[in-house]
1. Taking 25 Å as the cut-off for C-alpha to C-alpha distance, list the pairs among Lys8/Lys31; Lys11/Lys31; Lys31/Lys51; Lys8/Lys32 that go past it.
2. Using the basic label-point model (7 angstrom from Cα toward the beta carbon), what is the Trp71 to Leu6 distance in nanometres?
3. Figure the gain on full extension for His16 and Glu42 (residue separation times 0.36 nm, minus the Cα-Cα span) and round it to one decimal in nm.
4. In nm, to one decimal, how far is the Asp90 label point from the Lys32 one, both placed 7 Å along Cα→Cβ?
5. Just flag the trypsin sites (Lys or Arg not before Pro) in the stretch 2-57 sitting in loop per DSSP whose Cβ has no more than 16 other Cβ atoms within 10 Å.
Amino acid sequence: MDLSKLFKAQKELDDHINKAKGLEGQDLLDKKILALLVELGELANEERSWKFWSENREPSKGRLVGIECGWCDGEGFEPGGFAEKCHECDGTGETGKEMTKNGRTKRKH
């Protein structure tokens, strides 16, 4: 594994975020360490095998749920009383999917 590519990509991402958020020149080490700890905690909660007291030690699995089409309000038909399929969702009433995990949603494309 070539970690130099990973470090380069992370530096580019950090530079982009710092510039976009006006954080250039600030000491962000404490905040980055906290962010890493939070992410590691979230990973551990998803993994679950360490929860020796739990009946369910299997990793969390998300589920896909539909996102209601905003054009037809999830009806699947063009607004206005006509029985035409909605052009936005092609009559499905949904415009995408979201992955839900532990009460949180992540958009799936």
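Throughout, read-outs are computed from the coordinates displayed, never taken from laboratory work. Predicted model, so just to flag it, every value in this text is computed and none were measured. Cβ: placed from backbone, ideal geometry, glycine included. Neighbour counts: every protein chain shown.
1. Listed pairs above 25 Å: Lys31/Lys51.
2. So the label points at Trp71 and Leu6 sit 4.3 nm apart.
3. Full extension of this stretch gives 6.9 nm more.
4. Between Asp90 and Lys32, the label points sit 4.4 nm apart.
5. Those that pass, being in a loop and sparsely packed, are Arg48, Lys51, Arg57.
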